[in-house]
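Quick notes on the structure that follows.
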Amino acid sequence: MFIPLRDDNSLKSIPFQYVTVSLIAVNVLVFLLEVSGMSEAAVASFGVTPRDLFGTVAVLAPPSFSDGGYGISTETTLLTYMFFHADLFHLVGNMLFLWVFGDNVEDAMGHLRFLIFYLACGVFAALFHSWMVPDSDLPLIGASGAVAGVIAAYLMLHPRVNVWVLAFKVIPLRITAGLVLGVWILVQVVMVSMPDVGPVAWWAHIGGLIAGAVLILFMRRPGVRLFDRSPQSA
């Protein structure tokens, strides 16, 4: 419904969002590797397969290098999956949300803590998705879970900040982050209740939101208030 373009929220504690930009660069580079000749099987080998983690039937077959597999361990895929994307639209959508909202979350935490936060949200998103659909054989890829954590943190930090968006992909609007991100979260909740959710891993989004909302409570800098309250607010 809303495509974010930019927010009216300047950085306060850091000179530049180095981690946010670096994460975007890594995701873009990995996608270029994907489209340069990696097979679907090779890309899938970097994804998280729920049955490998929590399924009732263990998958014991060794990885096949003949079909492009890279022999990535199940535990390692909890990190690698979030840097691979299904197509260009999948990549651009995730990176746009990360670009608009990641810098202020990084500003609220500092560079190193933000990197840990981002990766932790991604890992929890994959675990939560796998727990909810434990017998799925479909590999999970994409940064959506980690980005969902960023969205939750931003919403708890700056719900009243104005954001420029394209409504329905064509109408430019300047509305509050609370509305933009609140609608996005509502869509995720609605979609997980649908009987046929399609190929999108909505449960990973929910898991990322939960992780982000909890972690921001403990990982923000001392003195950083929630919900756009100034340090002087009671």
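The values are calculated or read from the model by the stated rules, or taken from the named source; none is laboratory data. Bear in mind that the values here come from a model prediction, so they are computed numbers and not experimental data. Please note: Cβ atoms are built from the backbone with ideal geometry, for glycine as well, and neighbour counts cover all protein chains shown. Only protein heavy atoms, including side chains, enter the accessible area calculation; ligands, DNA and RNA are left aside. Shrake-Rupley method; radii C 1.70, N 1.55, O 1.52, S 1.80 Å.
If you check Val92, Val123, Val100, Val105, which single one turns out to be in a helix (DSSP H, G or I), out of contact with any Pro (no Cβ under 6 Å at 6 or more places or on another chain) and open to solvent by less than 10 Å² (accessible area, probe 1.4 Å)?
Step by step, each of Val92, Val123, Val100, Val105 is checked, and only Val105 is in a helix (DSSP H, G or I), out of contact with any Pro (no Cβ under 6 Å at 6 or more places or on another chain) and open to solvent by less than 10 Å² (accessible area, probe 1.4 Å).
Please state which one of Asn27, Asn104 is within 17 Å of Ala201 (Cβ to Cβ), polar (S, T, N, Q) and at pLDDT 95 or above. Before you say what the answer is, go through the steps one by one.
On the way: Asn104 fails: within 17 Å of Ala201 (Cβ to Cβ).
The unique qualifying residue is Asn27.
Could you count how many residues in segment 1-27 are loosely packed, with under 14 Cβ neighbours inside 10 Å and within 17 Å of the chain's Cα centre (by Cα)?
Result for segment 1-27: 3.
Checking the structure you have, find out if any residue of segment 180-191 is free of Cβ contacts under 8 Å to residues at least 24 places away in the same chain and in contact with a Phe, Trp or Tyr (Cβ under 8 Å, 6 or more places away or on another chain).
yes
Open to solvent by less than 50 Å² (accessible area, probe 1.4 Å), in contact (Cβ under 8 Å) with a residue 24 or more places away in the chain and of a type in the set (Asp, Glu): is that true of Asp228 in this structure? Don't jump to the end; show me each part of the working.
Numbers: open to solvent by less than 50 Å² (accessible area, probe 1.4 Å): yes; in contact (Cβ under 8 Å) with a residue 24 or more places away in the chain: yes; of a type in the set (Asp, Glu): yes.
Answer is yes for this residue.
Collect the residues in segment 11-37 that are in a loop (DSSP other than H, G, I, E, B) and within 13 Å of Asp87 (Cα to Cα), keeping them in residue-number order.
Result: Ser36, single match.
Leu215 - would you say it is over 12 Å from Pro4 (Cβ atoms), touching a Cys at 6+ places or on another chain (Cβ under 8 Å) and at pLDDT 90 or above?
So Leu215 passes the test.
Out of the residues in segment 173-189 meeting the condition of being of a type outside the set (A, V, I, L, M, F, W, C) and open to solvent by 10 Å² or more (accessible area, probe 1.4 Å), tell me which one is nearest to Met1 (Cα to Cα).
Gly182
Results for (1) of a type in the set (A, V, I, L, M); (2) touching a Cys at 6+ places or on another chain (Cβ under 9 Å), shown as yes or no for each residue.
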position: Leu112; (1), (2): yes, no
position: Asp135; (1), (2): no, no
position: Gly145; (1), (2): no, yes
position: Ala148; (1), (2): yes, yes
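Here are the criteria: (1) in a loop (DSSP other than H, G, I, E, B); (2) surrounded by 15 or more Cβ atoms within 10 Å (Cβ to Cβ); (3) not small (Gly, Ala, Ser). Tell me which single one Asp135 does not satisfy.
Going through the list (1) in a loop (DSSP other than H, G, I, E, B); (2) surrounded by 15 or more Cβ atoms within 10 Å (Cβ to Cβ); (3) not small (Gly, Ala, Ser), Asp135 breaks only (2).
When you scan segment 152-172, how many residues do you find that are of a type in the set (A, V, I, L, M), open to solvent by 30 Å² or more (accessible area, probe 1.4 Å) and either part of a helix (DSSP H, G or I) or touching a residue at least 24 places away in the same chain (Cβ under 8 Å) (or both)?
Residues that pass the stated criteria total 3.
For segment 173-210: of the residues being under 18 Å from Leu157 (Cα atoms) and outside any helix (DSSP H, G or I), which is farthest from the chain's Cα centre (by Cα)?
Ile175
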